[in-house]
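See below for the structure under consideration.
The values are calculated or read from the model by the stated rules, or taken from the named source; none is laboratory data. In this text the structure is predicted, and so the values were computed from the model without any measurement. Please note: Cβ atoms are built from the backbone with ideal geometry, for glycine as well, and neighbour counts cover all protein chains shown. For the accessible areas, the whole protein counts, side chains as well, though only heavy atoms, and no ligand, DNA or RNA atoms are used. Shrake-Rupley method; radii C 1.70, N 1.55, O 1.52, S 1.80 Å.
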There are 4 protein chains.
Amino acid sequence: MTAVTDVQETLAALRREVCALHAELTRYQLVVWTAGNVSARVPGRDLLVIKPSGVSYDALTPENMVVCDLDGRVVEGDHAPSSDTEAQAYVYRHLPEVGGVVHTHSTYATAWAARAEPIPCVLTMVADEFGGEVPVGPFAIIGDDSIGRGIVETLRDSRSPAVLMQNHGVFAVGPNARSAVKAAVMCEDVARTVHISRQLGAPVPIAPADVDRLFDRYQNVYGQR
Amino acid sequence: MTAVTDVQETLAALRREVCALHAELTRYQLVVWTAGNVSARVPGRDLLVIKPSGVSYDALTPENMVVCDLDGRVVEGDHAPSSDTEAQAYVYRHLPEVGGVVHTHSTYATAWAARAEPIPCVLTMVADEFGGEVPVGPFAIIGDDSIGRGIVETLRDSRSPAVLMQNHGVFAVGPNARSAVKAAVMCEDVARTVHISRQLGAPVPIAPADVDRLFDRYQNVYGQR
Amino acid sequence: MTAVTDVQETLAALRREVCALHAELTRYQLVVWTAGNVSARVPGRDLLVIKPSGVSYDALTPENMVVCDLDGRVVEGDHAPSSDTEAQAYVYRHLPEVGGVVHTHSTYATAWAARAEPIPCVLTMVADEFGGEVPVGPFAIIGDDSIGRGIVETLRDSRSPAVLMQNHGVFAVGPNARSAVKAAVMCEDVARTVHISRQLGAPVPIAPADVDRLFDRYQNVYGQR
Amino acid sequence: MTAVTDVQETLAALRREVCALHAELTRYQLVVWTAGNVSARVPGRDLLVIKPSGVSYDALTPENMVVCDLDGRVVEGDHAPSSDTEAQAYVYRHLPEVGGVVHTHSTYATAWAARAEPIPCVLTMVADEFGGEVPVGPFAIIGDDSIGRGIVETLRDSRSPAVLMQNHGVFAVGPNARSAVKAAVMCEDVARTVHISRQLGAPVPIAPADVDRLFDRYQNVYGQR
């Protein structure tokens, strides 16, 4: 099998995976209409696969996913890519360990983002998945590098795979697209639970040493080996 | 093909579209029982297509959609039209750029409406879709022109495609029925997110110049060309 | 056709209808597990058809619905009837215009009930469907007539087809089982919307004369004739 | 039929039941991603059947359920068992009347748990199912006996089949897996309703004698005999 065939098969598999993962965004009600998307890095290539812009989730197919280079220019595909492509391309350029990016405006996480307030680490699930509070990134306007830069600078100072962009929404990352989707799902879940807890009083903090123990264990022991 | 055939085909297509769009109202839980509806203007004719009154969403078919003139009188159909027909007909008579109207009592938007309080523009999504706060229209009783007049007067002073009618619910408009449904979906989404954000403090405002930049970009760049 | 056949056909139809209407309780998330039920009066007979006790909604069939007399004793059926049968039988005995009763512990309505606080009439939908505030009935323990009596005494003083039983949940009535289900669905919807509105301030009241106009119109004009 | 065949049939039946019951966790939205599980004791054997770790609910089959001894060691199965297996095994070792255990991080119950605040008994449904307030267990870190011990010590002092583990989530028990799932569903339902009621004021308490009467009746009369 030639290298060309290899990359075509990898691309075909990523088109199927990226397309299918959008069903998790709707299943967990992280998105309405067309307002959220998933992308994946093409391993070993300066390429990414991403949702087309403004196409409804019911109409997504592996074929209408868009392949772009890491400057956000379309390489393959008949559709315009997500309007978040530039921000996500920036993340792939600057965080080589990232293999997947998800963007949502999920309700509770975006509610924290609108107040520019991080989600405090008061649940074992926050410690497990985020290793501390879920941080807030800057207010940034779409159209240049400022969203991508805000994501990267915030995530570099944190163990969290998710960032709440002020007044905007969530960007979540992971070693692959599926883990980024998981981080987006978990981010909304803890945003909701901590919000509701706070409505009637003050949640009990978790000691930093316990946060570390929980995070280490979850990253290294949980799931199938 | 004759002009008569043309209008029949247009009407048949609009009956299918208006019928199908109600599934978005239930999908996003903007309505319960029979309390919400979609209509479309028949292009180039003084006619509209609208949901029948009090018929459950499961029972809607293209055939039981009702065609009315722009005074709300039934032109074609065996059912009584939605009790909101007069208000929507008023909108079509007075706002020629409107091709679709949606009415819901969606929970969070109606909660703002019950306090006669506009939804402030504290999310990029509000700036994108509504170009500023989502405005409140007057308290108006069904049965004369007062609802339609309240909608039109409020929308004329705003870039928003949705208005919160005091103590009542949402009316959303668009160049076609699908865009009006999108505005209704987005209106509930931002009503919910801003509500939740406000429960635990004050959301950060977005500067008016940034609101303008976001609105202009979204109206002109987003989606497929 | 003989009178015996007539009543058997009526019963078979009511078994199908009562069974099917439980799907509206789950659709609108008014119930969890087995905690809610629908009943219908058998017209012209001192009988009612009701859900079996503790049977999950997935397992309901027309055949396992239970026929009881208006003292709550089983007349036909292999299952024990709902534990709310006595209360509902009391309602049928004392309110001859009632043809259907629904009981739920739907979340928002029960939250008002736990505070013994009526839902104020601050939405046109409350005026339309309930003709004023949704009233609260007394705290009453299951096992004697006190729940049924509390429902009847509260509804007699109100235009509302639903009552919030203190610390307990909702009972809704109507001329038939379907209209009682509608009242239960609407009760939760307005309980939720008014709750959410009140969380961030004071909803605007609706003038009593406007409540009357809305109620009269909705009862007499809405829907298909 | 030999004893060996008997236990194999029991195990096969429990694998099917435990697998199927996870659909109730997703139906009632008690879990996201893979964060929750059900287990059952194998009657008359020192064994339990439990969900595999980190496997999504869509991918569960009777075959990938894991059989462990009551020290949490895998006896049968190709997958690693839930990371909660040790805690649940501890419960089975110390509470012989328990035949099923469920763990979730359901939103409203976990919100109470984050404040280390029991759910007060202000609804007849709380009295019916929990016989008083839903208690809070200690903060405990995964990895030794402390979660299991916290569950057991808290449940021993209470009539409640559910405990809110501080900063963590819910553990629910029952004579079998289905009743444990029911307790988990009811726990979230009452956590939500009481939370919402408290948001706008103080729910009315229920007198202890009435709590006892409700609990006794529900445990002894409700459902099919």
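Mean-square fluctuation check for chain A, GNM, Cα pairs under 10 Å: which of A:Ala89, A:Ala162, A:Ala209 is largest?
A:Ala209
Can you give the helix-only mean residue ellipticity at 222 nm for chain A, where every DSSP H stretch with n ≥ 4 adds -39500 (n - 2.57) and the sum goes over all residues, rounded to the nearest 500 deg cm²/dmol?
Theoretical 222 nm ellipticity from helices: -14000 deg cm²/dmol.
Please compute one quarter of the surface area of the Cα convex hull for the protein assembly as shown and express it in square nanometres.
It is 41.1 nm².
According to the square roots a ≥ b ≥ c of the eigenvalues of the Cα gyration tensor, what is the shape class of the stretch C:23-67, taking rounded for a/c under 1.5, prolate for a/b larger than b/c otherwise, and oblate for the remainder?
prolate
Beyond 28 Å, what share of the Cα-Cα pairs of the stretch A:2-220 is found? Please give it as a whole percent.
26
Which distance in nm do the two modelled labels at B:Arg156 and D:Arg45 give, with both placed 7 Å along the Cα-to-Cβ direction?
Modelled inter-label distance: 7.9 nm.
Could you list, in their original order, any pairs among A:Lys182/B:Lys182; B:Lys51/B:Lys182; C:Lys51/C:Lys182; D:Lys51/D:Lys182 whose Cα atoms are separated by more than 22 Å?
A:Lys182/B:Lys182
Before I look further, what does the stretch B:47-180 give for accessible area per residue, probe 1.4 Å, in whole square angstrom?
Per residue, the stretch B:47-180 has an accessible area of 31 Å².
Would you mind classifying the stretch B:96-158 by shape? Square roots of the alpha carbon gyration tensor eigenvalues, ordered a ≥ b ≥ c; an a/c under 1.5 is rounded, otherwise it is prolate if a/b is larger than b/c and oblate if not.
oblate
Pop out the ³J(HN,Hα) list for the stretch D:90-99 in order, Karplus 6.51 cos²θ - 1.76 cosθ + 1.60 with θ = phi - 60°, rounded to Hz; leave Gly and Pro as x.
Residue by residue, the stretch D:90-99 yields 4, 4, 5, 5, 9, 10, x, 6, 7, x Hz.
Between B:Thr5 and C:Leu200, how high is the FRET efficiency from 1/(1 + (r/R0)^6) when r is the Cβ-Cβ distance and R₀ = 60 Å? Nearest 0.05.
Approximately 0.65, to the nearest 0.05.
Give me the percent of accessible area attributable to carbon and sulfur for the protein assembly as shown, probe 1.4 angstrom.
Of the solvent-accessible surface of the protein assembly as shown, carbon and sulfur hold 50 percent.
Estimate the FRET efficiency between C:Ala12 and B:Ser56 by the formula 1/(1 + (r/R0)^6), using the beta-carbon distance for r and 30 Å for R0, to the nearest 0.05.
Computed FRET efficiency for C:Ala12 and B:Ser56: 0.85.
List, by residue number, every residue in the stretch C:127-176 with a reduction of 40 Å² or greater in accessible area between the chain on its own and the complete protein assembly, 1.4 Å probe.
By number: C:Phe139, C:Ile141, C:Ile142, C:Asn167.
Who wins for biggest fluctuation among B:Gly99, B:Gly137, B:Gly54 in a Gaussian network model of chain B, springs between alpha carbons below 10 Å?
Result: B:Gly54 has the largest fluctuation of those listed.
Leaving out ligands, DNA and RNA, calculate the buried accessible area for the pair A and D with a 1.4 Å probe, summed over both sides, in Å² to the nearest 100.
2900
Round to the nearest 10 and give me the degree value, 0 to 90, for the angle of helix B:208-221's Cα axis relative to the longest principal axis of chain B.
Once rounded, one gets 40 degrees.
Return a whole-number percent for the relative contact order of chain B, with Cα pairs under 8 Å and 6 or more residues apart as the contact set.
Once normalised by length, the contact order is 19 percent.
GNM on chain D, C-alpha springs below 10 Å: top fluctuator among D:Asp128, D:Asp78, D:Asp69?
Looking only at D:Asp128, D:Asp78, D:Asp69, the biggest GNM fluctuation is shown by D:Asp78.
Starting from the Cα gyration tensor of the stretch A:27-113, take the square roots of the eigenvalues, sort them a ≥ b ≥ c, and report rounded, prolate or oblate (rounded when a/c is under 1.5, otherwise prolate if a/b is larger than b/c, else oblate).
oblate
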